[in-house]
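Shown next, in structure tokens, is the structure this report addresses.
Quick note: the coordinates plus some simple rules give every number you see, no bench work behind them. Here the structure is a predicted model, which is why all the values come from computation and not from measurement. Here Cβ is always computed from backbone atoms with ideal geometry, including for glycine, and neighbour counts include all displayed protein chains.
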Amino acid sequence: MALQIILNLVIAIMWMFLAETYSVVSFLKGFIIGALLLFMLRRFIPDAFYLTRVWKMIKLVLLFIKELLISNIDIVKWVYKPHKDYKPGIFALPTELKSNWEITMLTSLISLTPGTLSVSVSNTNDTIYIHAMDIDTTEEAIEAIKTTFEDAIMEVTR
């Protein structure tokens, strides 16, 4: 991926020199041309086309923003609820993530989302312990995290 980014930047800079216009618009034209060239020649480059991974990263950020907004609305509802009948608890989330970077990303996303907090990670890195402010069932909470954050992280890193 890094090689493709460097190649795309080199193509964009070469485009500026060949066009003899040193502006942002000229650089963007060269960048788009470079991306198209890399896309057409993707079978000769060992790694997958890098803009697909960039798109997956953007989707992960948008997913986090969506979950952040939804959880903030839920927190406001809980605060103004007349009868405080919360069901807080700690549950174990078995994870398929392997690398330290992936686990750190998941625990950070969980902790940054209001209402949940990553408490600990097991020694074998296969279980994350999470405190949630309101849990109906642990299966639903586990499934929600696995289908949102964990799947998105695996798309980006694998």
Restricting attention to the range 112-129, the residues that are within 15 Å of the chain's Cα centre (by Cα) and either farther than 14 Å from A141 by Cα or exposed (fewer than 13 other Cβ atoms within 10 Å of the Cβ) (or both) number exactly 1
Restricted to the range 52-102 and to residues being in contact with a Leu (Cβ under 8 Å, 6 or more places away or on another chain) and aliphatic (A, V, I, L, M), the residue surrounded by the most Cβ atoms within 10 Å (Cβ to Cβ) is L97
For the range 91-106, the count of residues that are under 12 Å from the mean Cα position of the chain (by Cα) and among the hydroxyl-bearing types (S, T, Y) equals 1
Result of the Cβ filter at 9 Å on the range 4-23, keeping first residues that are within 28 Å of R53 (Cβ to Cβ) and partners that are of a type in the set (D, E, K, R), at least 6 apart or interchain, is Q4/R42; Q4/D47; A12/K29; W15/K29; M16/K29
For the range 94-108, pairs from a residue that is of a type in the set (D, E) to a residue that is not in a loop (DSSP other than H, G, I, E, B), with Cβ under 6 Å and 6 or more apart or across chains, are E102/I153; E102/T157
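Kindly indicate which of A48, A19 is surrounded by fewer than 12 Cβ atoms within 10 Å (Cβ to Cβ), aliphatic (A, V, I, L, M) and more than 25 Å from E139 (Cα to Cα).
Details: A19 fails: surrounded by fewer than 12 Cβ atoms within 10 Å (Cβ to Cβ).
The conditions single out A48.
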